[in-house]
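One structure below.
The values are calculated or read from the model by the stated rules, or taken from the named source; none is laboratory data. Predicted, not measured: the structure shown is a model, and the values here were computed from it. With ideal geometry, Cβ positions are generated from the backbone for all residues, glycine too; neighbour counts draw on all protein chains shown. To get the accessible areas, we keep the full protein, side chains included, count just its heavy atoms, and leave off ligands, DNA and RNA. Shrake-Rupley method; radii C 1.70, N 1.55, O 1.52, S 1.80 Å.
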Amino acid sequence: MRQDSPERTGFAGRKVHAMKGRQTALTALVSLFLLGIGPVQVKAFDWPQKETSADSFFSYFGQRRGGTIASALVFMDNAEVRAADAGTVIAVISEHENDFGWFESPLGNAVIVSHKNEMATVYANLEGGTIPDAVMNAGSVAAGAVLGTSGNSGWQEGQSCLEFHVLDTKNESTINPRILMPRIGKELPLVIGDISLADKNGTIHQLASERVLNAGNYSLYRKRQPVATPYRTVVSVNGASVETISYDMLKEIDGRLCATGNTGYAVEELYPDESRQLLAQLILTRGRNTVTIAIADILGETKTISYVLDVR
């Protein structure tokens with residue numbers, strides 16, 4: 001499914017007029033999707049379609065979705081789709097395919113635009129026949145230029161529409177679109193929920209009822225919310241920070257799309273089942289251990305809880 005790219009250079013200004021057929025689309029996409037480590041560039045984008053309340057998207061960046069970690073922001077309503085910034089159209093995918101590299105799901109009808117500073121945006125799940133001829137001809141587009149109308153051409157479900165990706169090709173990262181878009185409306189409320197520890201043998205310890213544990217290595221989890229995902233989680237033991245997991249970007253490590261904390265976490269590590277989300281890997285030593293968990297949304301609103309454990 002994944003292929004090695006023949007080159008890892010940036011593609012700003014590179015035109016790929018690709019438009020029908022599996023091989024051509026893959027050629028255009030392979031150089032975009034081999035993504036790795038790098039800090040987020042500060043670059044503001046306009047909304048790619050009409051503004052909507054921050055708590056009403058179909059799905060959010062970083063959440064578990066379809067057996068992977070969501071690398072896009074998916075809108076809920078059909079609407080006209082516009083370029084988030086001026087750039088060059090480097091690929092248009094105008095027929096359904098079932099193999100698009102690490103995106104992990106078909107994009108349906110899609111437009112890919114490169115921007116200055118080696119950024120790129122992907123507008124997927126567009127309605128067939130709505131992409132303008134000027135865009136199909138792989139020319140330059142102005143900020144706000146119409147790219148088509150959102151639809152349901154990919155393998156989305158329910159009321160899902162535009163699937164919007166932001167790529168930082170210089171730093172080889174896929175970026176949470178919401179950190180670059182103007183924010184309106186309230187956030188989905190976060191709930192810390194039930195907290196559990198899994199020991200090296202896989203035994204689960206629920207901290208609501210079990211506070212006496214053996215010393216050793218543990219994985220710390222919260223009960224996963226169906227939709228809302230923290231923008232950042234921070235765990236400390238006895239006042240010292242042990243791990244922060246951020247959802248401002250994802251990166252591809254050894255062929256797997258990963259969130260980053262002290263290491264990269266693929267979906268099976270970050271979300272080991274339908275009910276749990278990883279908060280940290282930690283070591284509990286003999287004596288009194290105070291484990292403090294903080295979860296924050298993208299606006300910085302934080303919720304915190306602490307557990308005092310007797311570790312033997």
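Structural remarks
- Hey, GLU274 under 17 Å from ALA70 (Cα atoms) and in contact with a helix residue (DSSP H, G or I) (Cβ under 7 Å, 6 or more places away or on another chain) or not: no
Table: residues versus (1) over 25 Å from SER173 (Cα atoms); (2) buried (at least 19 other Cβ atoms within 10 Å of the Cβ); (3) in contact (Cβ under 8 Å) with a residue 24 or more places away in the chain.
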{"site": "GLU268", "(1), (2), (3)": "no, no, no"}
{"site": "GLU274", "(1), (2), (3)": "yes, no, yes"}
{"site": "THR285", "(1), (2), (3)": "yes, no, yes"}
{"site": "ILE293", "(1), (2), (3)": "yes, yes, yes"}
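- Enumeration of residues in region 286-302 that are within 11 Å of ARG232 (Cα to Cα) and either assigned to a loop (DSSP other than H, G, I, E, B) or not aliphatic (A, V, I, L, M) (or both): ASP297, ILE298, LEU299, GLY300, GLU301, THR302
- Breaking point among (1) at pLDDT below 95; (2) farther than 14 Å from ILE293 by Cβ, for ALA208: (2)
- Residue ID - most open to solvent (accessible area, probe 1.4 Å), chosen from residues in region 103-134 that are under 17 Å from MET181 (Cβ atoms) and among the polar types (S, T, N, Q): ASN117
- Taken together, LEU167, LEU107 contain a single residue that is at pLDDT 85 or above and hydrophobic (A, V, I, L, M, F, W, C), which is LEU167.
- Selection of region 43-64 for residues being open to solvent by less than 30 Å² (accessible area, probe 1.4 Å) and assigned to a strand (DSSP E or B) yields only SER59.
- Of the strands (runs of 3 or more DSSP E) lying entirely inside region 135-254, those containing at least 2 residues that are in contact (Cβ under 8 Å) with a residue 12 or more places away in the chain, surrounded by 14 or more Cβ atoms within 10 Å (Cβ to Cβ) and of a type outside the set (Asp, Glu) are 146-149, 163-168, 173-175, 195-199, 216-223, 232-237, 240-253.
- Whichever residue in region 74-98 is buried (at least 21 other Cβ atoms within 10 Å of the Cβ) and within 19 Å of the chain's Cα centre (by Cα) and, among such residues, is modelled with the highest pLDDT: ALA84
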